[in-house]
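Since the structure comes first, as structure tokens, the remarks are kept for the end.
Each reported figure results from applying straightforward, stated rules to the coordinates on display, with no laboratory input. Everything numeric in this text was worked out from a predicted model, so none of it was measured. Every residue, glycine as well, gets a Cβ built from its backbone with ideal geometry; the counts of neighbours run over all protein chains shown.
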């Protein structure tokens, strides 16, 4: 067994907490992961993990080994990148997590261009609106929209998107367009339950006054794409990220209301584990995100 493979196997088991999850990250069977761990332990003459029928736990020797080999693998990866030169192309399997709506509408259509640019790169795109543990899930990079609170991760902001008030043209024709916070509170609205603001929408008036609209709603959805679909169908006024409704406003399916009022913005972040050295495939993907989205703010 190659020494580097053995080290990577131990790291994967420690970070994912199981042989099965480590195998998923490395593309190996559970049996092969167990075999590699056994070989490393035999070579070292120490037990790195305590095993039972239900779980594994890392030993003190395992913790010491993990702390020692992580910098080794990082230095090894940096050395490979340096030897390949500054123009090295991204290669290998890149596992990316992204929110469902953003992934479907904005990221998935770009995958053919990315793969054409990097022939030796493969992508495993995992779409989920839940916040995942990057190390446990074996994710190289996550795209998040909103704020980032985990200080153990590196977060690079790609761009930001404002939220805008909008409704369908049919709804506006039937009920009119509000021009003030008081009028907005009389309209039906569609709530995005991902927002902590709930029914209390913060707005800034054209004169700069901070206001709160206590809106009336009978519908809440935990997905911005679904909120948009309810609004398009005439369900009321929505407070939706501009990137989600941009094409529908351009086509006339949706109409922005109270456009002289401002609300908060969501940041688009690329998130990756806090490591000293970053793989070329991750760096290249982040550069691709900047190219495609930063200019479209």
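Table for the structure above
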{"item": "Cα-based Rg / Dmax (Å) for region 166-297", "result": "17.6, 58"}
{"item": "Residues in region 115-146 reached by a label modelled at residue 72 [backbone nitrogen below 11 Å; 7 Å Cα→Cβ]", "result": "none"}
{"item": "The chain: angle of helix 30-44 to the longest principal axis, Cα-based, in degrees nearest 10", "result": "50"}
{"item": "Residue with peak Gaussian network fluctuation, the chain [Cα springs, cutoff 10 Å], from 138, 208, 146", "result": "208"}
{"item": "For 91, 52, order by how many other beta-carbon atoms lie within 10 Å, fewest first", "result": "52, 91"}
{"item": "Convex hull volume per residue for region 1-78, taking Cα atoms only, in Å³", "result": "86"}
{"item": "Efficiency of FRET from Cβ geometry, residue 169 and residue 199, R₀ 22 Å, rounded to 0.05", "result": "0.35"}
{"item": "Over the chain: Rg over Rh, Cα atoms, Kirkwood Rh", "result": "1.09"}
{"item": "Dimensionless Rg over Rh [region 155-223; C-alpha; Kirkwood]", "result": "1.00"}
{"item": "Antiparallel DSSP beta bridges within region 160-264, as percent of all bridges there, nearest 5", "result": "65"}
{"item": "Relative contact order (%) - region 160-264, alpha-carbon pairs under 8 angstrom, separation at least six", "result": "45"}
{"item": "Within a Gaussian network of the chain (alpha carbon springs, distance under 10 Å), most fluctuating of 15, 229, 209", "result": "209"}
{"item": "Most fluctuating residue given options 129, 24, 260, as computed from a GNM of the chain linking Cα atoms under 10 Å", "result": "260"}
{"item": "Angle between the chain longest axis and helix 280-293 axis [Cα atoms, degrees, rounded to 10]", "result": "10"}
{"item": "For region 1-41 versus region 175-241, the gap between their alpha-carbon centres in whole angstrom", "result": "49"}
{"item": "Kirkwood Rh (inverse of mean 1/r, distinct Cα pairs), region 1-149, angstrom", "result": "17.3"}
{"item": "Gained length - residue 60 relative to residue 111, 0.36 nm times residue gap less alpha-carbon distance", "result": "14.1 nm"}
{"item": "Fewest-first sequence of 200, 187 by Cβ atoms within 10 Å of each Cβ", "result": "200, 187"}
